[in-house]
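Visitor: Below is the structure I would like to discuss, written out as structure tokens.
The values are calculated or read from the model by the stated rules, or taken from the named source; none is laboratory data. In this text the structure is predicted, and so the values were computed from the model without any measurement. Ideal geometry is used to build each Cβ from the backbone, glycine not excepted, and the neighbour counts take in all protein chains shown. Just so you know, the surface numbers come from the protein's heavy atoms only, side chains and all, with ligands and any DNA or RNA stripped out. Shrake-Rupley method; radii C 1.70, N 1.55, O 1.52, S 1.80 Å.
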Amino acid sequence: MLRFTAVHHHHLRRQLRTFVNARVKWVKDPYLDTAVEKEKNLKPLLSLKNLILSHPSKSLPLNTISPLKPQLNLPISALKFIQNYPFVFKTFRPPIPLSTLHVKVTPSAESLHNDETLLLNLSHYRKDLAQRLGKLLMLTRAHRLPFYVVDKFKFDLGLPHDYLLSFLPEFPEYFQICQMGFKDSNGCEVFGLELVKWRKDLAVSAMEKRVESEDFAGGKRVHIRYSMKFPRGFDLQKKVRNWVEEWQNLPYISPYEDAFHLAPNSDQAEKWTVGVIHELLSLLVSKKTERENIYCLGDYLGFGIRFRKALVHHPGMFYLSNKIRTHTIVLREAFNKNILAEKHPLMRMRYKYMSLMNKVLRRGVPINAGALRHRKRLASLKESNRSGTEKRMRQVKSVETKED
């Protein structure tokens with residue numbers, strides 16, 4: 001239902017409508033589910049690849065990898081995981097008596113790794129990464145985050161796995177390590193990452209950049225409206241559609257402003273909250289992240305359940321996918337069906353890894369696993385149709401026999 005509240009603000013009487021107890025139906029979006037599912041096991045695969053290539057011999061004994069299953073987030077046993085990706089990993093036995101099974105990466109995967117290393121070392125790539133990490137810190141009131149929160153977004157931002165040593169020292173004008181002023185559950189001091197100084201040039205949101213070239217009315221920026229995309233079969237209740245339309249016309253507050261002074265249940269506060277989530281997802285190379293990561297950031301920033309409500313109230317902006325054993329929040333506007341509209345260079349590299357992951361051997365010939373699954377589905381469908389036809393023919397013959 002919609003609730004109306006009258007308040008006075010700056011001597012102006014305003015009517016604030018708040019979205020309370022509204023039932024917004026979740027509708028499956030097969031395209032965005034596919035976008036999420038394509039990255040299944042990519043993160044543990046890259047972790048394992050980096051581990052193997054960090055060793056001087058560029059190989060590791062299987063019995064060294066297997067105990068690291070929890071740290072690598074492998075969904076199955078190390079051997080089975082490795083065998084699932086024959087175009088990324090290869091097992092072998094060194095020419096030494098009684099040697100154990102070892103693992104190395106394939107030449108194709110190593111070549112991709114070398115290209116990725118070149119990309120990660122490009123100065124403009126590293127500056128882009130520093131700016132996006134800086135903008136993440138600027139979303140906070142104190143311009144700092146504990147490392148346990150930063151690490152939640154490490155993969156989605158594109159930070160190196162050892163960013164503390166290999167990346168941060170390169171940007172002393174941006175970042176410094178700080179004490180957060182509280183202790184963890186073990187009584188240890190919590191450390192975090194702090195922005196050295198506010199950077200006004202970075203305090204421009206993705207939404208503001210989008211309208212920079214638009215016309216101005218009377219010297220004042222027109223209302224910034226969010227893009228809304230709904231999957232086929234989705235239908236908002238009329239009263240909710242009306243609320244969304246009026247909500248869109250509310251003034252836009254930058255996510256880089258502190259608007260905690262607003263009444264937390266007001267529409268204006270929700271529009272600011274949505275802006276913070278939108279900007280967060282815009283900073284990520286994949287334009288999506290696990291829901292728990294967003295909740296973790298929201299809880300630390302003091303939004304409480306407001307992040308949760310915003311995600312539920314605006315399915316035209318944020319899609320919740322239940323694929324790959326987790327809940328993923330996807331920024332709808334960033335995708336054309338299941339493809340990123342604008343691919344970050346790192347995502348282009350990751351898509352190449354996904355292509356290798358998708359290849360399997362069949363009778364010694366490499367084929368695409370997706371194509372193989374599609375053929376199996378078609379064969380199953382044909383068999384089902386054939387069985388159905390045969391069954392109908394038997395029923396017709398049975399009826400004809402009884403008539404005779």
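Visitor: Within the set of pairs 6+ apart or on separate chains, which have a first residue in the stretch 207-218 that is within 18 Å of MET317 (Cα to Cα) and in a helix (DSSP H, G or I), a second that is modelled with pLDDT under 85 and open to solvent by 90 Å² or more (accessible area, probe 1.4 Å), and C-beta atoms under 9 Å apart?
Guide: GLU208/ARG221
Visitor: Still on this model: Working only within the stretch 316-334, note down all residues that are of a type outside the set (D, E, K, R) and open to solvent by 20 Å² or more (accessible area, probe 1.4 Å).
Guide: If the condition is that a residue be of a type outside the set (D, E, K, R) and open to solvent by 20 Å² or more (accessible area, probe 1.4 Å), then LEU320, ASN322, ILE324, THR326, HIS327 are the ones that fit.
Visitor: What's the total number of residues in the stretch 306-315 that are touching a strand residue (DSSP E or B) at 6+ places or on another chain (Cβ under 9 Å) and open to solvent by less than 40 Å² (accessible area, probe 1.4 Å)?
Guide: So the count comes out to 3.
Visitor: Going by what's in this entry, would HIS261 be described as open to solvent by less than 10 Å² (accessible area, probe 1.4 Å) and at pLDDT 90 or above?
Guide: no
Visitor: Restricting attention to the stretch 49-101, which residues are surrounded by fewer than 11 Cβ atoms within 10 Å (Cβ to Cβ) and within 20 Å of ASN358 (Cβ to Cβ)?
Guide: LYS80
Visitor: Continuing with this model, one more query. Applying the selection to the stretch 270-305, what residues are hydroxyl-bearing (Ser, Thr, Tyr), surrounded by fewer than 21 Cβ atoms within 10 Å (Cβ to Cβ) and over 26 Å from GLY181 (Cβ atoms)?
Guide: Across the stretch 270-305, the qualifying residue is only SER282.
Visitor: With (1) at pLDDT 90 or above; (2) not assigned by the TED database to the domain that holds PHE153 as the list, and VAL196 as the residue in question, which single condition is left unmet?
Guide: Result: VAL196 fails condition (2) only.
Visitor: Exactly one of these conditions fails for ALA142: (1) at pLDDT below 95; (2) small (Gly, Ala, Ser); (3) more than 23 Å from ASP258 (Cβ to Cβ); (4) open to solvent by less than 80 Å² (accessible area, probe 1.4 Å). Give me its number.
Guide: Condition (3) is where ALA142 drops out.
Visitor: Which condition number does PHE155 fail, the rest of (1) aromatic (Phe, Trp, Tyr); (2) in contact (Cβ under 8 Å) with a residue 40 or more places away in the chain; (3) surrounded by fewer than 19 Cβ atoms within 10 Å (Cβ to Cβ) being met?
Guide: Condition not satisfied by PHE155: (3).
Visitor: Here is a further query. For the stretch 355-368, name all the residues that are surrounded by fewer than 16 Cβ atoms within 10 Å (Cβ to Cβ) and modelled with pLDDT of 85 or more.
Guide: SER355
Visitor: Another question, then. Checking the conditions here, which among PRO94, PRO86, PRO56, PRO75 is in contact with a His (Cβ under 7 Å, 6 or more places away or on another chain) and either in a loop (DSSP other than H, G, I, E, B) or free of Cβ contacts under 8 Å to residues at least 24 places away in the same chain (or both)?
Guide: After applying the criteria, what remains is PRO94.
Visitor: Restricting attention to the stretch 167-174, does a residue exist that is surrounded by 14 or more Cβ atoms within 10 Å (Cβ to Cβ) and closer than 16 Å to VAL285 by Cβ?
Guide: Taking every residue of the stretch 167-174 in turn, at least one turns out to be surrounded by 14 or more Cβ atoms within 10 Å (Cβ to Cβ) and closer than 16 Å to VAL285 by Cβ.
Visitor: What about ASP128, is it in contact with a His (Cβ under 9 Å, 6 or more places away or on another chain), outside any strand (DSSP E or B), open to solvent by 20 Å² or more (accessible area, probe 1.4 Å) and within 23 Å of ASN50 (Cβ to Cβ)?
Guide: yes
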